[in-house]
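The values are calculated or read from the model by the stated rules, or taken from the named source; none is laboratory data. Keep in mind it's a predicted model, so treat the numbers as computed, not measured. Here the Cβ is made from the backbone with ideal geometry for all residues, glycine too, and neighbour counts use every protein chain on show.
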Amino acid sequence: MNNSAMTDKSLAATIDRRAFVAALLEQFPDALVVSGLGSSSYDVFAAGDRHGNFYLWGAMGGSTSVALGLALAQPEKTVIAVTGDGEQLMGIGSLATAAAQRPRNLAVVILDNGHFGETGMQPSHSKLGTNLAAVAQACGVPVTMEIDHAGGLDNLCRQIRDADGMVVARVRIAPEEYPRALPPRDGVYVKNRLREHLGFEPF
């Protein structure tokens, strides 16, 4: 597929990010959820605050790495990273690192609107031709998906439950801005809450 075709398909995306994230997390009430910079954290918080949520307010590029660490430390838990195309592009190497570690309980859901939403909706590399699902596949991720309609949610949930390996899904969302749903800003509180949720002492 050439770059112009990829751009056209991205522009045609109509998935409502808030509804998609809410429906996804509803299917995994016990999952540990790591949310990336900005809108991804707003989406996760809007779906319902949980003690198993870990919001990365300003650590751009870090969500997949943090989720990988959790997945390796908590192999009996489902771990879901919810991030955006801009944030995943900044942490692109984390896909290769995660693939090399071969976690069986990690899913990375990339909400791709083709824009850097937190800095003014400038076009991202994704809109200009970078296919993050293809990048993940090239890194060795065993299950990669591209979702361009809401009906793809069922297959994503099935893969997260049943796949024998890491899952990366690129979800083409509409380039719309939603009212901000702001999770707790206190990083120490969010960290300690997650530790307590996992049965560890806070520090």
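Key figures for this structure:
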read-out	value
Looking only at segment 185-194, and only at residues there that are loosely packed, with under 14 Cβ neighbours inside 10 Å and under 16 Å from Gly52 (Cβ atoms), the one that is farthest from the chain's Cα centre (by Cα)	Tyr189
Sole residue being without any contact (Cβ under 8 Å) to a residue 24 or more places away in the chain and closer than 22 Å to Gly129 by Cβ, chosen from Gly93, Gly36, Gly84, Gly58	Gly93
The one condition in (1) closer than 26 Å to Arg18 by Cβ; (2) surrounded by 20 or more Cβ atoms within 10 Å (Cβ to Cβ) that Ala99 fails to fulfil	(1)
Total residues in segment 162-175, condition in contact (Cβ under 8 Å) with a residue 12 or more places away in the chain and more than 19 Å from Asn131 (Cα to Cα)	3
Close pairs (9 angstrom Cβ cut-off, 6 or more residues apart or separate chains): at pLDDT 95 or above in segment 184-199, part of a helix (DSSP H, G or I) anywhere	Leu194/Leu70; Leu198/Leu70; Leu198/Ala73
Test set (1) among the aromatic types (Phe, Trp, Tyr); (2) surrounded by fewer than 19 Cβ atoms within 10 Å (Cβ to Cβ); (3) part of a helix (DSSP H, G or I) - Phe20 fails condition number	(2)
Count - residues of segment 57-68 that are outside any loop (DSSP other than H, G, I, E, B) and over 18 Å from Asp164 (Cα atoms)	4
Residue in segment 35-56 that is farthest from the chain's Cα centre (by Cα), counting only those that are part of a helix (DSSP H, G or I) and of a type in the set (Gly, Ala, Ser)	Ala46
Residues of segment 70-96 classified as touching a strand residue (DSSP E or B) at 6+ places or on another chain (Cβ under 6 Å) and surrounded by fewer than 20 Cβ atoms within 10 Å (Cβ to Cβ), total	1
Criterion: within 16 Å of the chain's Cα centre (by Cα), buried (at least 18 other Cβ atoms within 10 Å of the Cβ) and within 16 Å of Arg17 (Cα to Cα) - qualifying residue of Leu156, Leu106	Leu156
Some residue of segment 104-116 being closer than 19 Å to Asp43 by Cα, among the acidic types (Asp, Glu) and in contact with a helix residue (DSSP H, G or I) (Cβ under 7 Å, 6 or more places away or on another chain)	yes
Candidate set: segment 77-97, residues that are part of a helix (DSSP H, G or I) and under 23 Å from Asp148 (Cβ atoms); chosen: the one modelled with the lowest pLDDT	Gly86
The lone exception for Gln27 - which of (1) touching a helix residue (DSSP H, G or I) at 6+ places or on another chain (Cβ under 8 Å); (2) surrounded by 17 or more Cβ atoms within 10 Å (Cβ to Cβ) it fails	(2)
